[in-house]
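The values are calculated or read from the model by the stated rules, or taken from the named source; none is laboratory data. Treat the numbers as computed from the prediction; the structure is a model and nothing was measured. Counting neighbours? That spans all protein chains shown, and the Cβs are built from the backbone with ideal geometry, glycine included. Areas reflect the complete protein model, heavy atoms only, side chains present, ligands, DNA and RNA absent. Shrake-Rupley method; radii C 1.70, N 1.55, O 1.52, S 1.80 Å.
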Amino acid sequence: MTDTLQKFMFEHAGVRGEFVELENSWQQMQSHRQYPKAVQTILGELMAASALLSANLKFDGTMIMQIHGDGPVKLMVVECDADLRLRATAKLADDAVIEDHESLHDLVHAHGQGRFVITLDPNNKMPGQQAYQGIVPLDGEDIATIIENYMLRSEQLDTKLWLAADSKVARGLLLQKLPDTGGNVSHTDSAAETWDHAVLLGDTLKHEEILGNDIATLMHRLFWEQTLRVFDPLHPVFHCTCTREKVGDMLKMLGTAEVESAIADSGRIDIHCDFCGKHYGFDAIDCAQLFVANTLTEGTAMPASIKH
Ligand SMILES: [Zn+2]
């Protein structure tokens, strides 16, 4: 069972599209935890959107979508890199009781304080190079509308998204009108016509239809009358970037006092990765070594600067 992202173009019309289907990766992401239905829908849709946008970007790095919520959902994170390797997680408030019918607004923007941030974190950053961050206003009823509004405002690109997710699958369709590159008027007219028609067809998609049909069926049902150029499919996968070393670095950042007090309390520190559920255990000796190693790194770094 492999996941698929299928890119296509409307021939000679300046409109491109992508379908994504995340089944295997989405189920792996949920294998270590169960989300309430309403959270599942939004996190799955966010994941489908992040794969669609990442594949569209040609950006060598990782796209991170984060929604900091002010309601029962404190945080949703989806990360997708240039090879379409994805991971996602959601943190709920301790006392959260979430009903199936609750909306995105109820979950993360109940008091108008929710924040949605998209970060583009480049690979092999140059010294001093910052990751790009865009604030996405939470001005829509669902993830698709919010991202469409953002793309229009920030990139001046007409983009339409249709997204759906349940416990088994997250699927989505993206259509985008390419910017006019000049050319004759009749060509521009036909591009606008193709765009309007494609959006109209997309709007006929029902939620259950997206959930219940694979990409080939959906593509045929919508666009069988159009001349499409279809590209080789891509294959998104679940991939977590956590390592014991990174968890160790996090403990180091907490500082000796904090770590020693945790060890004194329970004899060891157990950390579970929120994204993949992997367990990392540190006993008293492991923790002592973390801080010894830290001292050594600093010690060896010193002479270099003295020599200079
Ligand atoms: Zn992990």
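Can you name the residue in the stretch 238-257 that is hydrophobic (A, V, I, L, M, F, W, C) and open to solvent by 70 Å² or more (accessible area, probe 1.4 Å) and is also farthest from the ligand (Cβ to nearest atom) among such residues?
First, pick out the residues of the stretch 238-257 that are hydrophobic (A, V, I, L, M, F, W, C): 238, 240, 242, 247, 250-251, 253-254, 257.
The next check asks that each one be open to solvent by 70 Å² or more (accessible area, probe 1.4 Å); those that pass are 250, 253-254, 257.
Working: Met250: 12, Met253: 18, Leu254: 19, Ala257: 27 Å.
In this case the residue turns out to be Ala257.
Out of (1) farther than 30 Å from Trp195 by Cα; (2) surrounded by fewer than 19 Cβ atoms within 10 Å (Cβ to Cβ), the odd one out for Gln133 is which?
All conditions pass for Gln133, except number (1).
If I ask for residues that are open to solvent by 20 Å² or more (accessible area, probe 1.4 Å) and modelled with pLDDT of 95 or more, which ones from the stretch 55-69 would you list?
Thr62, Ile64, Gln66, His68
Would it be correct to say that Arg229 is surrounded by 13 or more Cβ atoms within 10 Å (Cβ to Cβ), of a type in the set (Lys, Arg) and at pLDDT 90 or above?
no
So which residues in the stretch 6-35 are buried (at least 20 other Cβ atoms within 10 Å of the Cβ), assigned to a strand (DSSP E or B) and hydrophobic (A, V, I, L, M, F, W, C), if there are any at all?
Phe10, Val15, Phe19, Val20, Leu22
Name the residues in the stretch 27-72 that are charged (D, E, K, R), touching a strand residue (DSSP E or B) at 6+ places or on another chain (Cβ under 9 Å) and over 22 Å from His101 (Cβ atoms), would you?
Result: Asp60, single match.
Does Ile306 qualify as being away from the ligand (no atom under 16 Å from the Cβ), among the aliphatic types (A, V, I, L, M) and either at pLDDT 90 or above or assigned to a loop (DSSP other than H, G, I, E, B) (or both)? Walk me through how you get there before you give the answer.
Values: away from the ligand (no atom under 16 Å from the Cβ): yes; among the aliphatic types (A, V, I, L, M): yes; either at pLDDT 90 or above or assigned to a loop (DSSP other than H, G, I, E, B) (or both): no.
The answer is no for Ile306.
Keeping to the stretch 271-285, report how many residues are under 29 Å from Ser31 (Cα atoms) and more than 14 Å from the ligand (Cβ to nearest atom).
Going through the stretch 271-285 one residue at a time, the tally reaches 3.
Could you please let me know if Ala191 is within 24 Å of the chain's Cα centre (by Cα), open to solvent by less than 70 Å² (accessible area, probe 1.4 Å) and touching a residue at least 60 places away in the same chain (Cβ under 8 Å)?
So Ala191 does not fit the description; no.
With the structure loaded, tell me whether Ile67 is away from the ligand (no atom under 15 Å from the Cβ), in contact (Cβ under 8 Å) with a residue 40 or more places away in the chain, part of a strand (DSSP E or B) and among the β-branched types (Val, Ile, Thr) or whether it fails that test.
Criteria met by Ile67.
Being more than 16 Å from the ligand (Cβ to nearest atom) and modelled with pLDDT of 95 or more is the filter here; which residues of the stretch 71-81 pass it?
Pro72, Val73, Lys74, Met76
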